[in-house]
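The values are calculated or read from the model by the stated rules, or taken from the named source; none is laboratory data. Treat the numbers as computed from the prediction; the structure is a model and nothing was measured. Quick reminder, even Gly has a Cβ in these numbers, built from the backbone with ideal geometry, and neighbours come from all protein chains shown. SASA here: full protein model, heavy atoms, side chains in, ligands and nucleic acids out. Shrake-Rupley method; radii C 1.70, N 1.55, O 1.52, S 1.80 Å.
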Amino acid sequence: METGFSKLSSKVTLRRILGRWDLTAVGINQVIGSGIFLLPSLVTAQVGAWSVMAFVMAGLASMLVALCFAEVGSRFKETGGPYLYTRAAFGRFVGFEVGWMQWITRVTSWASVANGIPLALGFYVPAVTTGVSRTVFIVVLFLILAAINYRGIQQAAWTVNLFTISKLVPLIIFIAVGVFFIQAEPFTRLTPISWSQGSTAALLLIFAFGGFDVIPVPSGESSNPRDQVPFAMISAVSGVTLVMLLAHVVALGTLPGLAQSATPLADSAFLFMGTSGAIIIGVGAVISMIGNNAGQVLTGSRMLFALSENGDLPHVLARIHPRFQTPSTSILVTTGLSLGLALSGSFVVLATASAVARLVVYAGVGAATLRLRKSRFVGVLPTAKFRTPFGAIVPILAIGVSMIILFGASREQLIAGFGALLIGAVVFVLNNRLPIRASR
């Protein structure tokens with residue numbers, strides 16, 4: 001059954017083989033990147049022992065947004081996620097800007113995390129941190145991940161699943177062993193905190209919990225997205241909240257001077273597991289970042305494909321490989337651009353747009369949740385298979401989470417973000433003037 005969006009004429013379609021746990025792994029993999037290995041010290045430096053409550057509140061705030069994604073995602077079956085939701089609710093231009101910003105975030109995040117991997121590996125293999133060795137490592141990494149995705153969604157899903165499990169194992173070991181060494185005293189230092197400290201911690205955590213918004217993007221390759229997307233959204237956010245909270249509790253309860261540590265989880269693991277513990281965490285950090293890259297190419301390429309599939313970018317980007325049934329052109333374009341940014345270092349400027357990008361995506365989906373309840377829209381299945389409880393309260397609070405991002409963003413982030421939106425608007429107008437493009 002079609003959702004109503006016009007499709008490009010093609011006998012080749014994407015393969016619908018992703019299951020609920022595949023989508024859940026996509027979400028967990030994108031949230032748990034490098035941040036969890038650094039976050040405990042950063043948040044503790046701002047709010048001290050209140051950091052435990054801060055992690056809980058960040059998890060709840062993320063769940064508010066995830067519930068909106070779950071409801072509106074249960075109305076759609078095609079590739080695109082937030083882009084499709086806001087497109088149906090508010091029109092092509094708003095939808096395009098949401099999809100554009102989400103794609104920009106994936107491209108720059110991939111480049112950013114890829115640059116961190118040689119630095120993390122440098123502890124074990126110093127040669128990869130600089131010069132030709134670093135360049136070769138990054139290029140080979142990008143080519144391998146692109147090739148896996150190019151050859152099939154099944155291989156891409158297996159890769160993400162493997163990295164997700166592999167990155168969780170060191171964290172589970174850290175938590176399971178460390179819980180027996182926790183001291184109660186650090187949790188009793190509940191000193192007063194300022195508004196500035198609280199807002200800084202909140203912004204850090206909202207960004208650290210980000211990434212689950214990509215879960216519904218590959219819905220066009222899911223076997224039953226209307227049921228699987230709500231399951232994956234709730235499971236992924238619940239899972240990462242539990243893991244990140246417990247990892248922080250162990251770090252806070254075992255590492256004196258946590259706020260001053262540059263590598264909090266590794267330093268904490270060294271205290272109660274020795275050198276082997278620090279190595280486990282160090283290897284886990286590398287695996288986590290590579291896994292995050294694997295998820296970036298999967299979801300980033302599907303975002304670009306969705307924009308093209310629905311006529312909002314040149315339809316050549318929606319080409320599906322006749323043998324592998326993957327969005328081959330979008331995979332190559334996304335990989336090429338991310339690789340260029342990674343090698344040039346120019347991703348640093350674009351990455352500052354991520355604050356506004358997250359604001360646009362979260363607020364857009366929260367508002368779309370409310371609007372799509374009111375009446376039937378073109379491209380939307382008439383009933384949601386999942387309904388967020390408490391009426392309009394959850395979507396309104398989810399929009400409120402977006403406002404926290406806006407108020408906490410720096411001047412540079414706002415300028416970069418609105419600049420990216422402006423570029424998106426120009427791209428949208430130019431595409432509409434092309435003599436040949438997909439119908440809508």
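Can you tell me which residue is modelled with the lowest pLDDT among those in region 413-440 that are among the charged types (D, E, K, R) and open to solvent by 70 Å² or more (accessible area, probe 1.4 Å)? So that I can check it myself, show each step before the final result.
Taking region 413-440 first, the residues among the charged types (D, E, K, R) are 433, 437, 440.
Next, from what is left, pick out any that are open to solvent by 70 Å² or more (accessible area, probe 1.4 Å): 433, 440.
Values: R433: 79, R440: 41.
Selected residue: R440.
In region 237-251, how many residues are closer than 22 Å to P216 by Cα and open to solvent by 30 Å² or more (accessible area, probe 1.4 Å)?
2
With respect to S199, determine if the residue is in contact with a Leu (Cβ under 9 Å, 6 or more places away or on another chain), over 24 Å from G282 (Cβ atoms), polar (S, T, N, Q) and touching a residue at least 40 places away in the same chain (Cβ under 8 Å). Outline the logic, then answer.
On the way: in contact with a Leu (Cβ under 9 Å, 6 or more places away or on another chain): no; over 24 Å from G282 (Cβ atoms): yes; polar (S, T, N, Q): yes; touching a residue at least 40 places away in the same chain (Cβ under 8 Å): yes.
Here the answer is no, as S199 does not meet what is asked.
Any idea which of G253, G210 is at negative phi and in a helix (DSSP H, G or I)? Break it down stepwise before answering.
Working: G210 fails: in a helix (DSSP H, G or I).
Selected residue: G253, the only one of G253, G210 that is at negative phi and in a helix (DSSP H, G or I).
Can you pull out the residues in region 213-224 that are aliphatic (A, V, I, L, M) and either in a loop (DSSP other than H, G, I, E, B) or more than 19 Å from the chain's Cα centre (by Cα) (or both)?
Our first condition is that a residue be aliphatic (A, V, I, L, M); within region 213-224, this holds for 214-215, 217.
Scanning region 213-224 gives a single hit, I215.
So S330 passes all but one of these: (1) open to solvent by less than 30 Å² (accessible area, probe 1.4 Å); (2) within 22 Å of the chain's Cα centre (by Cα); (3) in contact (Cβ under 8 Å) with a residue 40 or more places away in the chain. Which condition number does it fail?
Evaluating S330 over (1) open to solvent by less than 30 Å² (accessible area, probe 1.4 Å); (2) within 22 Å of the chain's Cα centre (by Cα); (3) in contact (Cβ under 8 Å) with a residue 40 or more places away in the chain leaves (3) as the failure.
Just the residues that are in contact with a helix residue (DSSP H, G or I) (Cβ under 7 Å, 6 or more places away or on another chain), outside any helix (DSSP H, G or I) and open to solvent by 70 Å² or more (accessible area, probe 1.4 Å), please, taken from region 154-198.
Residues satisfying the conditions are Q183, R189, L190, T191, I193.
What do you reckon, is L255 crowded, with 24+ Cβ neighbours inside 10 Å and over 21 Å from Y83 (Cβ atoms)?
Working: crowded, with 24+ Cβ neighbours inside 10 Å: yes; over 21 Å from Y83 (Cβ atoms): yes.
Yes: the conditions hold for L255.
Can you find even one residue in region 138-146 that is open to solvent by 70 Å² or more (accessible area, probe 1.4 Å), assigned to a helix (DSSP H, G or I), under 29 Å from V250 (Cα atoms) and modelled with pLDDT of 95 or more?
no
Restricting attention to region 115-137, which residues are closer than 18 Å to A285 by Cβ, without any contact (Cβ under 8 Å) to a residue 40 or more places away in the chain and not in a helix (DSSP H, G or I)? Talk me through it step by step, then tell me what you get.
Within region 115-137, the first condition is being closer than 18 Å to A285 by Cβ, and the residues that meet it are 115-126, 128-129, 134, 137.
The next check asks that each one be without any contact (Cβ under 8 Å) to a residue 40 or more places away in the chain; those that pass are 118-119, 122, 125-126, 128-129, 134, 137.
Of everything in region 115-137, those that are closer than 18 Å to A285 by Cβ, without any contact (Cβ under 8 Å) to a residue 40 or more places away in the chain and not in a helix (DSSP H, G or I) turn out to be G122, V125.
Within region 332-340, can one find any residue that is of a type in the set (G, A, S) and touching a His at 6+ places or on another chain (Cβ under 8 Å)? Please lay out each step first, then the result.
Taking region 332-340 first, the residues of a type in the set (G, A, S) are 336, 338, 340.
With touching a His at 6+ places or on another chain (Cβ under 8 Å) added as a condition, the list becomes none.
No, region 332-340 contains no residue that is of a type in the set (G, A, S) and touching a His at 6+ places or on another chain (Cβ under 8 Å).
When the residues of region 390-402 are filtered to those that are open to solvent by 60 Å² or more (accessible area, probe 1.4 Å) and touching a residue at least 12 places away in the same chain (Cβ under 8 Å), which remaining residue is nearest to L372 (Cα to Cα)?
Quick first cut of region 390-402, residues open to solvent by 60 Å² or more (accessible area, probe 1.4 Å) only: 390, 393, 396-397.
Okay, now just the ones that are also touching a residue at least 12 places away in the same chain (Cβ under 8 Å), so 396-397.
Numbers: I396: 14, L397: 17 Å.
For region 390-402, the residue satisfying everything is I396.
Every residue in region 17-66 that is out of contact with any Gly (no Cβ under 7 Å at 6 or more places or on another chain), open to solvent by 10 Å² or more (accessible area, probe 1.4 Å) and not in a helix (DSSP H, G or I), please.
I17, G19, L38 - these are the residues of region 17-66 that are out of contact with any Gly (no Cβ under 7 Å at 6 or more places or on another chain), open to solvent by 10 Å² or more (accessible area, probe 1.4 Å) and not in a helix (DSSP H, G or I).
I want to confirm something. Restricting to region 117-137 and keeping residues that are among the aliphatic types (A, V, I, L, M) and over 21 Å from the mean Cα position of the chain (by Cα), which single residue is surrounded by the fewest Cβ atoms within 10 Å (Cβ to Cβ)?
Initial filter on region 117-137 (among the aliphatic types (A, V, I, L, M)): 117, 119-121, 125, 127-128, 132, 136.
Filter once more, keeping what is over 21 Å from the mean Cα position of the chain (by Cα): 119, 121, 125, 127-128, 132, 136.
Numbers: L119: 15, L121: 21, V125: 11, A127: 13, V128: 19, V132: 8, V136: 11.
Within region 117-137, the match that is surrounded by the fewest Cβ atoms within 10 Å (Cβ to Cβ) is V132.
Hey, among the residues in region 344-383 that are surrounded by fewer than 24 Cβ atoms within 10 Å (Cβ to Cβ), basic (K, R) and touching a helix residue (DSSP H, G or I) at 6+ places or on another chain (Cβ under 9 Å), which one's modelled with the highest pLDDT?
R371
When only residues in region 268-285 that are touching a Leu at 6+ places or on another chain (Cβ under 7 Å) and surrounded by 22 or more Cβ atoms within 10 Å (Cβ to Cβ) count, which is farthest from A25 (Cα to Cα)? Spell out how you get there, then give the answer.
Here is the first cut: in region 268-285, the ones touching a Leu at 6+ places or on another chain (Cβ under 7 Å) are 268, 271, 281, 284.
If we keep only those that are surrounded by 22 or more Cβ atoms within 10 Å (Cβ to Cβ) as well, we get 268, 281, 284.
Details: S268: 27, I281: 20, G284: 16 Å.
Ranking the candidates gives S268 first.
Do we have any residue at all in region 96-106 that's among the acidic types (D, E), touching a helix residue (DSSP H, G or I) at 6+ places or on another chain (Cβ under 9 Å) and within 20 Å of L298 (Cβ to Cβ)?
Filtering region 96-106 for residues among the acidic types (D, E) gives 97.
Going one step further and asking which of them are touching a helix residue (DSSP H, G or I) at 6+ places or on another chain (Cβ under 9 Å), we end up with 97.
Keeping just the survivors that are within 20 Å of L298 (Cβ to Cβ) gives none.
Checked region 96-106: no residue is among the acidic types (D, E), touching a helix residue (DSSP H, G or I) at 6+ places or on another chain (Cβ under 9 Å) and within 20 Å of L298 (Cβ to Cβ).
Scan (1) open to solvent by less than 40 Å² (accessible area, probe 1.4 Å); (2) touching a residue at least 12 places away in the same chain (Cβ under 8 Å) for the single condition G91 breaks and write down its number.
So the condition that G91 fails would be (2).
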